[in-house]
Protein chains: 2
Amino acid sequence: MRIFLKIAYDGTNYHGFQCQNNANSVQDTVNAALSDLFKKEMKTIGASRTDTGVHAHGNVAVFDVDTRIEPSRIAFAVNARLPMDIRIVESRRVPDDFHPRYTTTIKTYSYHILNRTHPDPLFRNLETHCYYPLDEKAMNEAASFLVGEHDFLSFCAAGNSSATTIRTIYSAEVARTGDRLTFTITGNGFLYNMVRIIAGTLMEVGQGFYPPSHMREIIEARDRKAAGPTALAKGLVLERIEYPDLTSSDDKCMMTKN
Amino acid sequence: MRIFLKIAYDGTNYHGFQCQNNANSVQDTVNAALSDLFKKEMKTIGASRTDTGVHAHGNVAVFDVDTRIEPSRIAFAVNARLPMDIRIVESRRVPDDFHPRYTTTIKTYSYHILNRTHPDPLFRNLETHCYYPLDEKAMNEAASFLVGEHDFLSFCAAGNSSATTIRTIYSAEVARTGDRLTFTITGNGFLYNMVRIIAGTLMEVGQGFYPPSHMREIIEARDRKAAGPTALAKGLVLERIEYPDLTSSDDKCMMTKN
C-alpha cells in the first residue's frame, strides 16, 4: 500500500529536502529511518524540493510498503528513528496511484522577518533580521499585485526547470505582530526561489525604495533583474501542500480499510 | 561608568547564565566578548541565574568601564564578538551604584507548551511537547490562585538559597493560540525552579488530575511533594526584568551625559 507522510523539519542542518549524492538531506534521513523500520531499503517520492536552510511544517512524501502497522501509527515508529529536527506529523494510506508531484496542489509558504534593532537569538534560524523600519502596509499592498495568473519570470532564479513560468497565486499577504512581519503566499505552484525573491522585493518596498504599485511593472518586465534580491533561506517555511483531488479518493481508501 | 546590558539568549547550548568553573555559561561568554572589546579582563554582575536550557529575552547584567564608545553602541560592538545564540539587545548607562540584584525588580517569565500529537521540529528547543489534551481554561483558573503574596515553599526545589520563600505574584495567566499554550507569570521574585514547578503543576490541572481550586491547597501545604513535577527547562523564557526605581535615576544620568 502507498503511505502519505506529512513532514516537518528545521532545515538549518540539511542540504535541502531532496536526496543528494554528496550531502545530508531531509529525504535521505527519512529514507534511512524507513529502511531501519522496515528492514529493507526504502525510497520515498517527495512533493517539494526545498533549499538548504528552508524549513517545512508540511512537506509531503509517499512510499510503498506491505506492513501490518496501522497507517496512522507509522508516524510514531518513524519518529522514533529520526533526529528531533525532523518529525513526521501525519501518516495515512492513499490510493496506490497517488503521486505527490503529478497531482493538482495548492501550496502555502510563510516568510518571517524580525524588524527591530537587534536580532532575537531564540529565532535566529527561523527569521530574517531587518534593521531598517519596514512599512508592512506598503508591503501588503505590493503583495496584492501578485494575486491571479501571471508570468512570474521576474521572480525566477537561474536553474528553474519548469516548462512554463506562469503560475496562479490565490492569496499573498503581509501582516505585522509587534516587531515581526509574516508574508504568507498561496498558489498552485512556485518557481525556483520564487517566494524568496518576492520576499526580497517586498522588503525593498517596505523600505520605500519604490511604491507598492511598482510590483506590477516588475511582474510585467519578465526579467529577473527587475525584481529585488533573494531573501535569506532561513526565513522561509513550506507551511502546507493541499491536494484538492485527494480527499474523496482517500476517504474511499479509508472506507475500504475499515 | 556603569553599563546596563539587556541580554537575550537561546539557552540550549549553555550551562545556564551564571559563570561556571567547569562549564560553558552565557555570562562567561559575554565576559569574554567584553574582555576582547575592551582589551582587558572584564567581569559582569548578573541579575538572574537561569538553568541549563532556559532561555531569555531580557536577562540583565552590568559592568564598569571607562570608554569613549557611546553607551547605546556598546551592544553592537559586543554582538560582533558573540555567537549568534546570544545577543545584547540593549546597552545604556546607569548610576554607578545600581546593582541588578539588590534593587527592586519585577520579573516576567513565559512558559511554552505545544499541545498536539507530534512535536514541531522548528521549535523543538523552545517548547515542551504535551501529547495529552490540555484544558487551558482550567489551567488559567488554577494560575489565578497564585496571584498575591504567598509562601511558595511548595514550588521550591531543593537548593534554594533565599532567606524567605514568600513572594508576591502580580499576574499569572494561561492562554491558547491554536495548538500552543503560553503561561505568563509576573512577580517580585521567584524561588529556585519555581516557574517550572508551577508549569508542571498547571499541566496536571490541564489533564484533569485535580480541579483548579486544588492549587490553593497545594500552596497552603508548604510542601514540595504537594505540587506537580518540574516542567522541562526548554519551555521557559525569562522575558524581562523591570526596575521601577531605575527609570528616574537613569534619566538623570542621561541628562548629566547629554
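The values are calculated or read from the model by the stated rules, or taken from the named source; none is laboratory data. Fair warning: this is a prediction, and the values are worked out from it, not measured in the lab. Glycine gets a Cβ as well: all are built from the backbone with ideal geometry, and neighbour counts include every protein chain shown. Only protein heavy atoms, including side chains, enter the accessible area calculation; ligands, DNA and RNA are left aside. Shrake-Rupley method; radii C 1.70, N 1.55, O 1.52, S 1.80 Å.
Data overview
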| read-out | value |
| --- | --- |
| Region A:132-235, Rg to Rh (Cα coordinates; Rh as Kirkwood inverse mean 1/r) | 0.94 |
| Residue-averaged beta-carbon neighbours from other chains (10 angstrom radius) around B:114-123 | 6 |
| Shielded residues, region A:1-31 - accessible-area loss of 40 Å² or more between chain alone and all protein chains, probe 1.4 Å | A:Asp10 |
| Packing-based order for B:6-17, A:156-167, B:166-177, using average beta carbon neighbours within 10 Å, highest first | B:6-17, B:166-177, A:156-167 |
| Positive minus negative residues near B:Thr164 (Lys, Arg vs Asp, Glu; Cβ under 12 Å) | -1 |
| Accessible surface of region A:4-134 [probe 1.4 Å, protein heavy atoms]: carbon and sulfur percent | 46 percent |
| Relative packing of peptides B:216-224, B:105-113 - highest average C-beta neighbours within 10 Å first | B:105-113, B:216-224 |
| Unit Cα scatterers, Debye sum, region A:1-145: log10 I(q)/I(0) for q = 0.17 Å⁻¹ | -0.96 |
| Debye intensity ratio in log₁₀ form over the Cα atoms of the protein assembly as shown, taken at each q of 0.09, 0.11 Å⁻¹ | -0.78, -1.10 |
| Cα-centred dipole magnitude for chain B, charges only on beta-carbon of K, R (+1) and D, E (-1), debye, nearest 20 | 520 debye |
| For region B:71-207, Kirkwood radius (reciprocal of mean inverse C-alpha pair distance, Å) | 17.3 Å |
| Residue-normalised accessible area of the protein assembly as shown, expressed per residue, 1.4 Å probe, Å² | 45 Å² |
| Pairwise burial A:B, computed as accessible area of each alone minus the pair, summed, 1.4 Å, Å² | 2200 Å² |
| Among beta bridges that DSSP assigns inside the protein assembly as shown, antiparallel share in %, nearest 5 | 90 percent |
| Threshold 30 Å², region B:67-101 residues less accessible with all protein chains present than alone (1.4 Å probe) | B:Phe76, B:Met84, B:Arg87, B:Val89 |
| Farthest positive-ward along region A:1-138 dipole, Cα basis, beta-carbon charges - from A:Phe98, A:Cys19, A:Pro133 | A:Phe98 |
| Among beta bridges that DSSP assigns inside region B:88-245, antiparallel share in %, nearest 5 | 95 percent |
| Value of Rg/Rh across chain B [Cα atoms, Kirkwood radius] | 1.00 |
| Mean projection area, nm², convex hull over Cα of region B:138-182 | 4.1 nm² |
| Anchor B:Lys40: aspartates and glutamates whose Cα lies under 16 Å away (excluding residues fewer than 8 positions away in-chain) | B:Asp28, B:Asp64, B:Asp66 |
| Label geometry 7 Å along the beta-carbon vector: A:Arg49 inter-copy distances in nm | 5.2 |
